[in-house]
Amino acid sequence: MGDRIFLSSPHMSDEGYEMKYVQEAFDTNWIAPLGENVNKFEEELAEKVGIGHAAALSSGTAAIHLALKAAGVGEGDIVFCPSLTFSATVNPVIYQNATPVFIDSDEETWNMSSQALEEAFEKYPEVKAVIVVHLYGLSADMDPIMDLCRKYKVSVIEDAAESLGTYYKGKHTGTFGDYGIYSFNGNKIITTSGGGMLVSNNEERIQKARFWATQSRDQARHYEHSELGFNYRMSNVTAGIGRGQLKVLDQRVAKKREIFEFYKKELSNLEGVSFMPNNNWNEPNFWLTSMILDGPVKPIEVMEVLERENIEARPVWKPMHIQPYFFKCDFIGKGVCEKLFEQGICLPSDTKMTKYDLNKIVEIIKGL
Ligand SMILES: *Cc1c(COP(=O)(O)O)cnc(C)c1O
């Protein structure tokens, strides 16, 4: 049996860009939080996505947490979140002692349904913030969502953890809301082993986020604290990895697109198979190719037969409103996200896969 084929795993540049920046950190003994790589990574990422300001943090989850704080979300506030997402979107709402209300997906985007969102606004007009997620690198349909959020005057946080490099109508996801966040966890399209970024055009809020992230140290010779602090800053070593990875983001997107197109060509005429939606306003990063199986073959059968060959595949995210921890939270919608969970499967989308690997995978699936 060959090496394991992963859903998505770290892929350093062939050119060795990452090592060069990490070496610089070593050579200057800046093995610390903060430093040249951190500052430059913030600038370079902000420039790449086209936004004013960025704060490099220890994780995407930390970035969501500080976005919520920056948006003024606190005890007892309501925050709308998509139900179909990874738990890290929602956990920080609980860290802030606020209450998530879960919104259904729509079939056309797999992301937050603007219809369900509108219903939610009617039921909870006092809502404080909305978190929009761009799953698997597909963008949510931002125009109707932003129109509604402006109408109700609530802050928008875009969880673009899975969608760095994705465009909606020619603009990067993560730059539409008041705040955007990216993740550099090991399985994301580019990685620093672990890390995140908070972005915004509001310079004052980004500076505030950096302050909270470094233990909220007031300006004084001694240690003075007038606010609660966090240890959320990115290290200068991992920021070096991030700077190198950012240089190959476009290459990674191109490869992920090839993977998607290969699967689609090879598998879409099988009975009951359809692929994740790609709308004309959407230019995805194709982080994970996902498909729906509503014919004779079930997702679990595909996962099992791939697992026997040491190949990883996963179900689509299990919706938050049916997770034991979030059982008591309200859900607005018709259950589209439950259907996506039951019928959806994420295929191996690792950019290190060879033509041979991809052929092997589709042959196994066709054999079912
Ligand atoms: C990965 C991920 C996160 C969290 O990012 P970390 O850097 O792992 O904390 C948040 N939201 C979504 C949708 C993710 O996929």
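Of note:
One line per residue, one yes/no per condition, for (1) crowded, with 21+ Cβ neighbours inside 10 Å; (2) at pLDDT below 95:
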{"residue": "V199", "(1), (2)": "yes, no"}
{"residue": "Q245", "(1), (2)": "yes, no"}
{"residue": "K255", "(1), (2)": "no, no"}
{"residue": "V273", "(1), (2)": "no, no"}
{"residue": "N279", "(1), (2)": "no, yes"}
{"residue": "M291", "(1), (2)": "yes, no"}
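- Scanning the range 138-153 for residues that are over 28 Å from F260 (Cα atoms) and either polar (S, T, N, Q) or over 21 Å from the mean Cα position of the chain (by Cα) (or both) yields D147, L148, R150, K151, Y152, K153.
- Meets criteria (touching an Asp or Glu at 6+ places or on another chain (Cβ under 6 Å) and more than 30 Å from E126 (Cβ to Cβ)) for I31: no
- Only listed residue being more than 14 Å from the ligand (Cβ to nearest atom) and either in contact with a Leu (Cβ under 8 Å, 6 or more places away or on another chain) or modelled with pLDDT of 95 or more (or both), chosen from Y168, Y179: Y168
- Residues (over 19 Å from the mean Cα position of the chain (by Cα) and closer than 22 Å to E312 by Cβ) located in the range 238-258: E258
Conditions (1) touching a Ser or Thr at 6+ places or on another chain (Cβ under 8 Å); (2) touching a residue at least 12 places away in the same chain (Cβ under 8 Å); (3) closer than 19 Å to T214 by Cα; (4) buried (at least 20 other Cβ atoms within 10 Å of the Cβ), marked per residue:
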{"site": "F6", "(1), (2), (3), (4)": "no, yes, no, no"}
{"site": "M12", "(1), (2), (3), (4)": "no, yes, no, no"}
{"site": "Y17", "(1), (2), (3), (4)": "no, yes, no, no"}
{"site": "N29", "(1), (2), (3), (4)": "no, no, no, no"}
{"site": "P33", "(1), (2), (3), (4)": "yes, yes, yes, no"}
{"site": "E47", "(1), (2), (3), (4)": "no, no, no, no"}
{"site": "L57", "(1), (2), (3), (4)": "no, yes, yes, yes"}
{"site": "E75", "(1), (2), (3), (4)": "no, yes, no, no"}
{"site": "F80", "(1), (2), (3), (4)": "no, yes, no, yes"}
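- Screening T173, T192 for residues that are within 21 Å of the chain's Cα centre (by Cα), more than 30 Å from S113 (Cα to Cα), within 14 Å of the ligand (Cβ to nearest atom) and buried (at least 24 other Cβ atoms within 10 Å of the Cβ) leaves exactly one candidate, T192.
- Of the helices (runs of 4 or more DSSP H) contained entirely in the range 5-115, those carrying at least 3 residues that are within 26 Å of H134 (Cα to Cα), in contact with a Leu (Cβ under 7 Å, 6 or more places away or on another chain) and not assigned by TED's automatic domain parsing to the domain that holds T289 fall at 36-49, 60-70.
- When residues of the range 49-97 are limited to those that are away from the ligand (no atom under 12 Å from the Cβ) and aromatic (F, W, Y), the one farthest from E118 (Cα to Cα): Y95
- Residue check: L138 meets all listed conditions (1) closer than 25 Å to F211 by Cα; (2) out of contact with any helix residue (DSSP H, G or I) (no Cβ under 9 Å at 6 or more places or on another chain) but one, namely (1).
- Residue within the range 62-72 that is touching a Ser or Thr at 6+ places or on another chain (Cβ under 7 Å) and touching a residue at least 12 places away in the same chain (Cβ under 8 Å) present: yes
- Test: K151 is basic (K, R), surrounded by 18 or more Cβ atoms within 10 Å (Cβ to Cβ) and at pLDDT 95 or above: no
- Set side by side, the residues K48, K40, K69 differ, and just one is among the basic types (K, R) and within 26 Å of V154 (Cα to Cα), which is K69.
- The helices (runs of 4 or more DSSP H) found wholly in the range 283-368 and carrying at least 3 residues that are under 30 Å from K123 (Cβ atoms) occupy 336-343.
- Among residues of the range 146-164, those that are part of a loop (DSSP other than H, G, I, E, B) and within 16 Å of the ligand (Cβ to nearest atom), counted: 5
- Looking across the range 212-224, the residues that are away from the ligand (no atom under 16 Å from the Cβ) and touching a residue at least 12 places away in the same chain (Cβ under 8 Å) come down to W212, T214, Q215, S216, R217.
- Selection count where residues are crowded, with 23+ Cβ neighbours inside 10 Å and either in contact with a His (Cβ under 6 Å, 6 or more places away or on another chain) or not assigned by TED's automatic domain parsing to the domain that holds I64 (or both), scope the range 201-242: 1
The values are calculated or read from the model by the stated rules, or taken from the named source; none is laboratory data. For clarity, every value in this text was computed on a predicted model and none was experimentally measured. As a convention, Cβ positions derive from the backbone with ideal geometry for all residues, glycine included, and neighbour counts pool all protein chains shown.
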